Amino acid sequence: MATQGICPHQSLLYRKLACCYDPLFKKSLAGRIEQAIRSLHIRRGSQVLDVGIGTGHYLAAYPGHANVVGVDLSKDMLDIAAREIEMQGWRHIALKQMNALDLQFAANTFDYVMGFHTASVVDDPQRLMEEMVRVCKPGGTIVIINYFRTQNPWLAPLVDVVSSFTELLGWQTQVKYDDLFENPQIRVQDRYKTSSWSLFTIVVSQKLGRADIHDSQSQNEIRANRADRHTTCTNRFNHSSNQTKSGRSLT
Ligand SMILES: C[S@@+](CC[C@H](N)C(=O)[O-])C[C@H]1O[C@@H](n2cnc3c(N)ncnc32)[C@H](O)[C@@H]1O
């Protein structure tokens, strides 16, 4: 889903205008991200990956007892993050220029995988999610903060109008929640907004282990069977009540 032929990371905002990102957006984005990170109570020694880390204006929220790797396609954004890391003397945070759609990490490497406001910017949000899930350890945590396409039929056309502007910034407004989270390998644990009027949703999910996937598939099958049985019983009941009421079968 590229935005009108612009490859989003090539948006001027992430290159020549990278220095404008923090002055323009830090105030509105950082609080939410920091709150989401702190609420995880990241365990000592955890391996953390942050995809599309950008200028890393919220890096102070990562605890010094975790090892954090931030990746981004844009060297200009990473340069700003690198300067801050050096200034603060943060030895627990490393940066790599890398495509989040083709992560150069082995499967099951990280305890936490974060994607803050990145799904709207990459060419293929579903692929991003697949990669995030792949590199996350079973039992690990995946956190996405993003704007998801509104289901509200009144708001949707309004958002479409605004989207022609946001696409210039490399942001699309069409990412659907289900496209990212209807994935049998993960279980959504929490989904919330930091205020009722916020456009952005924070979604915390867990990567399931093989046994859990099997369990959750079995649970789904049991639920589907129950629903089937319920439908059959209801049909039977309706059928027999129809017979009783009319004295003859309607089928
Ligand atoms: C909206 S910014 C978000 C930055 C930061 N996470 C935040 O919340 O402020 C999106 C970032 O994703 C990066 N990006 C876009 N496409 C990418 C890709 N395919 N791989 C890695 N980073 C990408 C951009 O360079 C940009 O820094």
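The values are calculated or read from the model by the stated rules, or taken from the named source; none is laboratory data. What you see is a predicted model; the values in this text were computed from it and never measured. Ideal geometry is used to build each Cβ from the backbone, glycine not excepted, and the neighbour counts take in all protein chains shown.
Looking only at the range 170-190, decide whether some residue is within 16 Å of the ligand (Cβ to nearest atom), in the same structural domain as A30 (by TED's automatic domain parsing), crowded, with 16+ Cβ neighbours inside 10 Å and small (G, A, S). Yes, the conditions are met somewhere in the range 170-190. Of the residues examined, V69 is one that is touching a strand residue (DSSP E or B) at 6+ places or on another chain (Cβ under 7 Å) and away from the ligand (no atom under 11 Å from the Cβ). Applying the condition of being among the aliphatic types (A, V, I, L, M) and crowded, with 20+ Cβ neighbours inside 10 Å to the range 74-84 and asking which residue is nearest to the ligand (Cβ to nearest atom) yields M77. Taking the range 88-102 as the range and being within 13 Å of the ligand (Cβ to nearest atom) and either surrounded by fewer than 23 Cβ atoms within 10 Å (Cβ to Cβ) or farther than 27 Å from D178 by Cβ (or both) as the test, the residues that pass are L95, K96, Q97, M98, N99, L101, D102.
I'd like to check something: does the range 147-157 contain any residue that is in a strand (DSSP E or B) and among the hydroxyl-bearing types (S, T, Y)? Yes, that holds for at least one residue. Restricted to the range 118-146, and to residues there that are within 16 Å of the ligand (Cβ to nearest atom) and either part of a strand (DSSP E or B) or touching a Ser or Thr at 6+ places or on another chain (Cβ under 6 Å) (or both), the residue that is farthest from R43 (Cα to Cα) is N146.
Out of Q151, Q174, I need the residue that is modelled with pLDDT under 95 and under 14 Å from the mean Cα position of the chain (by Cα). Which one? Walk me through how you get there before you give the answer.
Values: Q151 fails: under 14 Å from the mean Cα position of the chain (by Cα).
Only one candidate passes the filter, namely Q174.
If you take the residues in the range 38-64 that are in contact (Cβ under 8 Å) with a residue 40 or more places away in the chain and within 11 Å of the ligand (Cβ to nearest atom), which one is farthest from D123 (Cα to Cα)? Give the derivation first.
First pass over the range 38-64, keeping only residues in contact (Cβ under 8 Å) with a residue 40 or more places away in the chain: 40, 42-43, 46-54, 58.
If we keep only those that are within 11 Å of the ligand (Cβ to nearest atom) too, we end up with 50-54, 58.
Values: D50: 18, V51: 14, G52: 12, I53: 16, G54: 16, Y58: 24 Å.
Per the criteria, the residue is Y58.
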